[in-house]
Amino acid sequence: MSAPLLSVENVGRTFGGFIALEGVTTRFEANKVTAVIGPNGAGKSTFFNVLSGVLPPSTGRIEFKGENLIGTPQHRFAHLGIARSYQITNIFPLLSVHENVRVAAQALRSRYNIWRHRDRMRDLDEKADEALNSVGLYGRRNSSAKFLAHGQQRALEIAVALVADPELLLLDEPTAGMGPEETKDMVALIERLAKERTILLVEHKMKMILGLSDRILVLHHGKLIADGSPQHIQGDPEVRRVYLGQSHGYA
Ligand SMILES: Nc1ncnc2c1ncn2[C@@H]1O[C@H](COP(=O)(O)OP(=O)(O)OP(=O)(O)O)[C@@H](O)[C@H]1O
Ligand SMILES: [Mg+2]
């Protein structure tokens with residue numbers, strides 16, 4: 001078996017006395033799409049926060065390409081090849097579409113190359129446009145981000161994550177608040193992105209997850225209660241009881 005891209009060993013996270021994530025052990029292979037599902041409050045976003053360096057885990061060990069991530073500052077994650085989008089839309093509404101992405105590209109670079117000449121800014125512009133192109137927003141590059149439709153704003157957030165050219169991309173509810181048309185566009189975008197990278201996504205839309213994912217993890221009360229193919233997860237009685245049986249699970 002090939003070495004995993006990301007390996008997670010007994011990872012937990014508490015907030016005060018509250019256990020949000022407990023004893024999660026799993027591995028992610030490169031170039032697969034894995035969905036993380038579970039009821040509200042199950043610990044999905046906490047799991048992503050821990051995997052992307054937003055929060056340190058309270059217990060456990062995480063390795064990316066064999067390198068220990070515990071204690072790694074968050075800004076290093078992008079350099080290592082891990083980027084993410086957030087559950088709540090997270091853009092600068094008054095900046096242009098292009099500026100939103102360029103600011104991210106600049107933040108990545110300036111931390112390590114502040115001595116570089118200003119001409120290098122042209123590289124940043126190109127990098128930003130490349131990311132916009134890959135999410136289908138190049139044509140809107142000069143609009144204010146606030147004028148984009150909701151689905152396009154979510155795509156813009158993904159472009160922001162893509163400037164780091166991540167091997168591992170974590171998407172926290174990328175279709176939150178979208179109708180069927182926008183969801184279809186997002187699914188097509190994720191499928192395109194998945195050709196070149198490893199994707200983890202949190203989602204509630206079951207039909208979408210079943211069609212898109214190679215593998216599904218199920219969290220419940222912070223614990224990993226199931227892990228398998230879409231077919232396996234659909235047939236798991238415990239998963240049906242805690243999650244799929246709920247009416248919103250099929251939305
Ligand atoms: N920063 C925090 N401080 C205190 N409690 C937190 C914090 N972040 C998350 N929690 C709690 O941890 C639990 C898991 O939250 P989390 O956001 O990970 O759930 P989720 O599975 O993403 O839920 P949802 O589907 O609603 O997004 C919840 O009970 C939440 O209130
Ligand atoms: Mg969440």
**Request:** Mind listing just one residue for me: the one in the stretch 213-231 that is in a strand (DSSP E or B) and within 12 Å of ligand 1 (Cβ to nearest atom) and, of those, surrounded by the most Cβ atoms within 10 Å (Cβ to Cβ)?
**Result:** L219
**Request:** Answer yes if at least one residue in the stretch 178-199 is farther than 18 Å from N90 by Cα, away from ligand 1 (no atom under 16 Å from the Cβ) and touching a Pro at 6+ places or on another chain (Cβ under 8 Å), and no otherwise.
**Result:** yes
**Item:** Scope the stretch 1-26; condition crowded, with 19+ Cβ neighbours inside 10 Å and under 11 Å from G43 (Cβ atoms); matching residues
**Value:** V11, G12, R13, A20, L21, E22, V24
**Message:** Tell me yes or no: at least one residue of the stretch 195-212 is small (G, A, S) and buried (at least 16 other Cβ atoms within 10 Å of the Cβ).
**Reply:** no
**Request:** With the checklist (1) at pLDDT 95 or above; (2) in contact with an Asp or Glu (Cβ under 9 Å, 6 or more places away or on another chain) in hand, flag the one item L51 doesn't pass.
**Result:** (2)
**Fill in**
A careful count of residues in the stretch 33-43 that are part of a loop (DSSP other than H, G, I, E, B) and surrounded by 15 or more Cβ atoms within 10 Å (Cβ to Cβ) gives 4
**Top-ranked residue in the stretch 165-177 [being away from ligand 2 (no atom under 16 Å from the Cβ) and of a type in the set (A, V, I, L, M, F, W, C); ranked as surrounded by the fewest Cβ atoms within 10 Å (Cβ to Cβ)]** = L168
**Message:** Can you find a residue that is of a type in the set (K, R), more than 16 Å from ligand 1 (Cβ to nearest atom), touching a strand residue (DSSP E or B) at 6+ places or on another chain (Cβ under 7 Å) and within 26 Å of T198 (Cβ to Cβ) anywhere in the stretch 52-62?
**Reply:** yes
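The values are calculated or read from the model by the stated rules, or taken from the named source; none is laboratory data. Predicted model only: the values in this text are computed from it and were never measured. Note: ideal-geometry Cβ built from the backbone for every residue, glycine included; neighbour counts use all protein chains shown.
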